[in-house]
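Note sheet for the following structure.
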Amino acid sequence: MEETKKRSYKTDFELEKKKNEELVNDLKRLQADFENYKKRVEKEILEFQKLSNHKLMEKLLPILDDFDNTLNHLLKHAKDDTNIQGVKILYDKFKKILFDEGLIPIKSIGEKFDPYKHEVIKKEFHDKEEGIILEEIQKGYMFTDKVIRSSKVKISSGPELKDSSQINGGNKNE
């Protein structure tokens, strides 16, 4: 009887040990799941903040444009007005805040046309090669590596051909 009790205790001990290991493994899985959950929630919060900031930047772009146009007009027509310097200071502060938050102007003039960043408004013959941006009609911007407004541009369609002799290299008999 004594030996049966020892086996029973030993068997019970082994069963309890196995249950304990299973519970520890379950706890480790739960802990890993919780860590993954925390990381996922943090990532979702960052994505939500980016989306919110993206929408805010889109809403502020017309104000930035108006500021830019107003300041350019004032500098052309009222150079001696001392209030212009105050407007320029406000404009510079506003631009700095937007740029510090991640707004990036898209480079255009002299660049090669990129359909992901530029929208062609006009083409004209020019000495520059085809597809080179000649003029920026409206400034475009990127925010967090995404275009929020493409630049509206005028591009070169290449040099104008004067007559058919230029097309055939000067030999009209070809």
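Data for the structure
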| item | result |
| --- | --- |
| Count of region 71-106 residues which are surrounded by 14 or more Cβ atoms within 10 Å (Cβ to Cβ) and under 22 Å from the mean Cα position of the chain (by Cα) | 8 |
| Subset of region 60-91 (residues that are touching a Lys or Arg at 6+ places or on another chain (Cβ under 8 Å) and among the β-branched types (Val, Ile, Thr)) | none |
| Residue count for region 56-70, restricted to those that are surrounded by 11 or more Cβ atoms within 10 Å (Cβ to Cβ) and under 18 Å from residue 104 (Cβ atoms) | 10 |
| Residue match in region 8-19 (condition: among the small types (Gly, Ala, Ser), surrounded by 10 or more Cβ atoms within 10 Å (Cβ to Cβ) and in contact with a helix residue (DSSP H, G or I) (Cβ under 7 Å, 6 or more places away or on another chain)) | no |
| Pairs with Cβ under 7 Å, 6+ apart, first in region 54-77 and under 20 Å from residue 146 (Cα atoms), second outside any helix (DSSP H, G or I) and open to solvent by less than 50 Å² (accessible area, probe 1.4 Å) | 54/143; 54/148; 57/103; 57/143; 57/148; 58/148; 61/141; 61/149 |
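The values are calculated or read from the model by the stated rules, or taken from the named source; none is laboratory data. Bear in mind that the values here come from a model prediction, so they are computed numbers and not experimental data. Note that each Cβ is placed from the backbone with ideal geometry, even for glycine, and that neighbours are counted across all protein chains shown. Each accessible area value is taken on the protein alone, full model and side chains, heavy atoms only, with ligands, DNA and RNA left out. Shrake-Rupley method; radii C 1.70, N 1.55, O 1.52, S 1.80 Å.
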